[in-house]
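The values are calculated or read from the model by the stated rules, or taken from the named source; none is laboratory data. Source: prediction; values computed, not measured. Positions of Cβ are generated from backbone atoms using ideal geometry, with glycine treated the same way; all protein chains shown enter the neighbour counts.
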Amino acid sequence: MASHTKKEKRQALMEKRLALTGSERSRIDDLLLIRFQQFVLPEPADKVMSFWPLTDRGEPNSFLLTDFLQFRNPGLGLCYPVTDMSSRQMQAMQVNDDTRFALNKWGIAEPVDGELTPADELDLVLVPLLAFDLQGNRLGYGGGFYDRFLPRCRDNCVFLGISQFPPEQALPELAEYDIPLTACITPDRIYEF
């Protein structure tokens, strides 16, 4: 792709993602699950933050990954992000089968009741992204919520990107506050940084 700015790169990647057919998406989701099952999870992996997949943005089906985690660890503490738009901060809220979710202003489902989990108690964070590069940098949607949240996690917390596409050689306009991934899974392989 010949895009030079983050905005242009985001637009091109969104178009590429949305051009996938339903069967292509399902195949990619299945391959991502296989790669995830091959990934060596941190020990322990008792507290995990995932993300609610935005189907209208063609995001990967993270529910397949969290279902696998819950099958492997029935006592798993599964969390989802809750955002505070005024401070542009994000927190992790633990959920269970009875948790209610509501759409925020961006149409992202967030838990409305549950117990907040301090970021430094998380073992694994599944990180949504549009792209990543060979150095582990990620390109998100531009809100900066993960870049503000991830530094609050402890040093050995694993930041795992989930990407439908292979890495870019390099991403444009990196900033010193961009937080790199620990690893990223794609349909074809696992990248570790």
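Of all the residues in segment 142-164, those that are touching a helix residue (DSSP H, G or I) at 6+ places or on another chain (Cβ under 7 Å) and either at pLDDT below 95 or not in a helix (DSSP H, G or I) (or both) number 6. Consider Asp120 carefully, then state whether it is surrounded by fewer than 13 Cβ atoms within 10 Å (Cβ to Cβ), at pLDDT 95 or above and outside any loop (DSSP other than H, G, I, E, B). It is true that Asp120 is surrounded by fewer than 13 Cβ atoms within 10 Å (Cβ to Cβ), at pLDDT 95 or above and outside any loop (DSSP other than H, G, I, E, B). Pairs are defined by a Cβ separation below 9 Å, a sequence spacing of at least 6 or placement on different chains, a first member in segment 81-95 that is on the phi > 0 side of the Ramachandran plot, and a second member that is of a type outside the set (S, T, N, Q); the pairs so defined are Arg88/Gly143; Arg88/Gly144; Arg88/Phe145; Arg88/Arg148. Of all residues in segment 14-24, none satisfies being in contact with a strand residue (DSSP E or B) (Cβ under 7 Å, 6 or more places away or on another chain), of a type outside the set (Lys, Arg) and over 26 Å from Met90 (Cβ atoms). Note on segment 94-112: among residues that are surrounded by 12 or more Cβ atoms within 10 Å (Cβ to Cβ) and of a type outside the set (A, V, I, L, M), the one that is farthest from Phe145 (Cα to Cα) is Thr99.
In segment 156-163 there is at least one residue matching the filter, namely being in contact with a Cys (Cβ under 9 Å, 6 or more places away or on another chain) and among the small types (Gly, Ala, Ser). Are any residues in segment 84-98 modelled with pLDDT of 95 or more and not aliphatic (A, V, I, L, M), and if so, which ones? Selection gives Gln91, Gln94.
Between Gly143, Gly136, the distinction of being of a type outside the set (Asp, Glu), within 14 Å of the chain's Cα centre (by Cα) and exposed (fewer than 15 other Cβ atoms within 10 Å of the Cβ) belongs to Gly143 only. List pairs: first residue in segment 5-29 and surrounded by fewer than 17 Cβ atoms within 10 Å (Cβ to Cβ), second residue part of a helix (DSSP H, G or I) and modelled with pLDDT of 95 or more anywhere in the structure, Cβ distance under 9 angstrom, at least six positions apart or on different chains. Short answer, once both residue conditions are applied: Leu20/Ile28.
Taking Glu43, is it part of a helix (DSSP H, G or I) and free of Cβ contacts under 8 Å to residues at least 40 places away in the same chain? Considered against the rule, which asks whether it is part of a helix (DSSP H, G or I) and free of Cβ contacts under 8 Å to residues at least 40 places away in the same chain, Glu43 comes out as no. From the list Leu171, Leu181, pick out the single residue that is assigned to a loop (DSSP other than H, G, I, E, B), among the hydrophobic types (A, V, I, L, M, F, W, C), at pLDDT below 95 and closer than 29 Å to Ala19 by Cβ. From the options Leu171, Leu181, the qualifying one is Leu171. On inspection, Leu65 passes the criterion of being surrounded by 11 or more Cβ atoms within 10 Å (Cβ to Cβ), in contact with a strand residue (DSSP E or B) (Cβ under 9 Å, 6 or more places away or on another chain) and under 28 Å from Leu13 (Cβ atoms). For segment 35-54, the condition of being over 20 Å from Val158 (Cα atoms), of a type outside the set (Val, Ile, Thr) and surrounded by fewer than 18 Cβ atoms within 10 Å (Cβ to Cβ) holds for at least one residue.
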